[in-house]
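Peer 1: Before anything else, here's the structure in question.
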Amino acid sequence: MTEPLLDVRGVSKYFGGVHALEDVSMDLHAGEVVALAGDNGAGKSTLIKAISGVHKVDRGDILLEGKPVTYESPQQARDHGIETIYQDLALADNLSIGANIFLGREPKRKAFGFLPVLDRGLMADAAKETMRRLDFHVDRLSAPVSAFSGGQRQAVAIGRAIYWNAKILIMDEPTAALGVPEQRKVIALIKSLKEQGKGVIFISHNLGDIFAVADRIVVLRRGIKAGERKPDETTGDEIVRLMVGG
Ligand SMILES: Nc1ncnc2c1ncn2[C@@H]1O[C@H](COP(=O)(O)OP(=O)(O)O)[C@@H](O)[C@H]1O
Ligand SMILES: [Mg+2]
């Protein structure tokens, strides 16, 4: 067995008297998709925020490729290859795919000795290449992303993460707001990330999506890890039982 990309060991996180996470462990290997399942308030968001540098944990360790890490900010986690895509996607609606990929990290070029200007050519090339890598076809690469469907916007957010060489992609309910054909496309995107050797953690309420793409399912219940299963060794009924208890 190779060393995991990510190893979460005995992590606890409290908000005042609320035990949002209690002694939770999980790992993630390159080329693997782990689904996080659990009812509302189970601790799913808290766990991904602990991994992505939003929350500091109160106990336990997080190791990246075998080394213990503590991040002071989400930016530090990103610098180490952990990209998190929240439900709001954090896209700038009025900008193109390329501009969204470079949001806050815009490439500049010198224009005849004057002030540096945005390198739009480089941004357009990056957009084209990134969407090609995801095998995701978009007609109007220069259009503002507000013109795109929910699935296409999800693809742009994923594209931004892989352009910056994310090793680990974390997605909070990536298919929740989408219609069925678009859900399928996002599931296909997750499969292509797996084929590219990325590690993917995704939160989902949709058992169909979980069983379609996950290599392992980690179930949380009231801050505790209720179980971990491989899709071919469990059933939807068992996952629901783990989620709700009893
Ligand atoms: N920033 C916070 N402050 C106080 N309590 C929080 C905070 N974030 C989460 N919680 C609490 O921690 C528990 C787990 O929440 P969360 O991780 O959001 O669950 P999930 O994402 O599985 O719905 C809940 O009881 C929630 O109310
Ligand atoms: Mg949540």
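Peer 1: Could you list, in sequence order, the residues of the range 100-117 that are touching a helix residue (DSSP H, G or I) at 6+ places or on another chain (Cβ under 6 Å) and at pLDDT 80 or above?
Peer 2: ASN100, ILE101, PHE102, listed by residue number.
Peer 1: Same structure again: Got a number for residues in the range 151-173 being at pLDDT 90 or above and more than 11 Å from GLU83 (Cα to Cα)?
Peer 2: Of the residues in the range 151-173, 1 are at pLDDT 90 or above and more than 11 Å from GLU83 (Cα to Cα).
Peer 1: From ARG132, ARG120, ARG78, grab the single residue that is modelled with pLDDT under 85 and surrounded by 14 or more Cβ atoms within 10 Å (Cβ to Cβ).
Peer 2: ARG120
Peer 1: Do we find that GLY16 is assigned by TED's automatic domain parsing to the domain that holds ALA77, more than 13 Å from ligand 2 (Cβ to nearest atom) and out of contact with any Lys or Arg (no Cβ under 9 Å at 6 or more places or on another chain) in this structure?
Peer 2: Spelling it out, GLY16 is indeed assigned by TED's automatic domain parsing to the domain that holds ALA77, more than 13 Å from ligand 2 (Cβ to nearest atom) and out of contact with any Lys or Arg (no Cβ under 9 Å at 6 or more places or on another chain).
Peer 1: Looking only at the range 196-221, which residues are in contact with a strand residue (DSSP E or B) (Cβ under 9 Å, 6 or more places away or on another chain) and surrounded by fewer than 16 Cβ atoms within 10 Å (Cβ to Cβ)?
Peer 2: Result: HIS205, single match.
Peer 1: Also: So how many residues does the range 8-39 have that are open to solvent by 30 Å² or more (accessible area, probe 1.4 Å) and either over 18 Å from LEU207 (Cα atoms) or more than 13 Å from ligand 1 (Cβ to nearest atom) (or both)?
Peer 2: 12
Peer 1: Tally time: how many residues in the range 171-183 are within 12 Å of ASN206 (Cβ to Cβ), assigned to a helix (DSSP H, G or I) and either under 12 Å from the mean Cα position of the chain (by Cα) or not aliphatic (A, V, I, L, M) (or both)?
Peer 2: Residues that pass the stated criteria total 1.
Peer 1: On to the next question. Taking the range 45-65 as the search range and keeping residues that are more than 15 Å from the chain's Cα centre (by Cα) and open to solvent by less than 40 Å² (accessible area, probe 1.4 Å), which one is nearest to ARG153 (Cα to Cα)?
Peer 2: So, considering only residues that are more than 15 Å from the chain's Cα centre (by Cα) and open to solvent by less than 40 Å² (accessible area, probe 1.4 Å), the one nearest to ARG153 (Cα to Cα) is LEU64.
Peer 1: Which one of the conditions (1) away from ligand 1 (no atom under 16 Å from the Cβ); (2) acidic (Asp, Glu); (3) open to solvent by 40 Å² or more (accessible area, probe 1.4 Å) does GLU83 fail to meet, given that it meets all the rest?
Peer 2: All conditions are met except number (3).
Peer 1: Could you tell me which numbered condition ALA42 fails, if it satisfies all but one of (1) more than 30 Å from VAL138 (Cα to Cα); (2) surrounded by 12 or more Cβ atoms within 10 Å (Cβ to Cβ); (3) in contact (Cβ under 8 Å) with a residue 60 or more places away in the chain; (4) away from ligand 1 (no atom under 16 Å from the Cβ)?
Peer 2: Unmet for ALA42, out of (1) more than 30 Å from VAL138 (Cα to Cα); (2) surrounded by 12 or more Cβ atoms within 10 Å (Cβ to Cβ); (3) in contact (Cβ under 8 Å) with a residue 60 or more places away in the chain; (4) away from ligand 1 (no atom under 16 Å from the Cβ): (4).
Peer 1: Out of GLU238, GLU173, GLU233, I need the residue that is within 16 Å of ligand 1 (Cβ to nearest atom) and open to solvent by 20 Å² or more (accessible area, probe 1.4 Å). Which one?
Peer 2: GLU173
Peer 1: Scan the range 138-158 and give yes if some residue there is surrounded by 14 or more Cβ atoms within 10 Å (Cβ to Cβ), within 16 Å of ligand 2 (Cβ to nearest atom) and within 21 Å of LYS44 (Cβ to Cβ), otherwise no.
Peer 2: For the range 138-158, residues surrounded by 14 or more Cβ atoms within 10 Å (Cβ to Cβ), within 16 Å of ligand 2 (Cβ to nearest atom) and within 21 Å of LYS44 (Cβ to Cβ): absent.
Peer 1: Also, I was wondering about something else. Scan the range 176-203 residue by residue and report those that are within 16 Å of ligand 1 (Cβ to nearest atom) and either closer than 25 Å to HIS80 by Cα or not assigned by TED's automatic domain parsing to the domain that holds SER45 (or both).
Peer 2: Across the range 176-203, the qualifying residues are ILE201, PHE202, ILE203.
Peer 1: Still on this model: Of everything in the range 187-221 that's of a type in the set (S, T, N, Q) and within 16 Å of ligand 2 (Cβ to nearest atom), which residue is farthest from ASP27 (Cα to Cα)?
Peer 2: ASN206
Peer 1: Report yes if some residue within the range 234-244 is assigned to a strand (DSSP E or B) and within 16 Å of ligand 2 (Cβ to nearest atom); otherwise report no.
Peer 2: No, because not a single residue in the range 234-244 is assigned to a strand (DSSP E or B) and within 16 Å of ligand 2 (Cβ to nearest atom).
The values are calculated or read from the model by the stated rules, or taken from the named source; none is laboratory data. The shown structure was predicted, so the numbers you read here are calculated from the model rather than taken from an experiment. Cβ sites come from the backbone with ideal geometry, for glycine too, and all protein chains shown count toward neighbours. Just the protein is used for accessible areas: all its heavy atoms, side chains included, with ligands, DNA and RNA removed. Shrake-Rupley method; radii C 1.70, N 1.55, O 1.52, S 1.80 Å.
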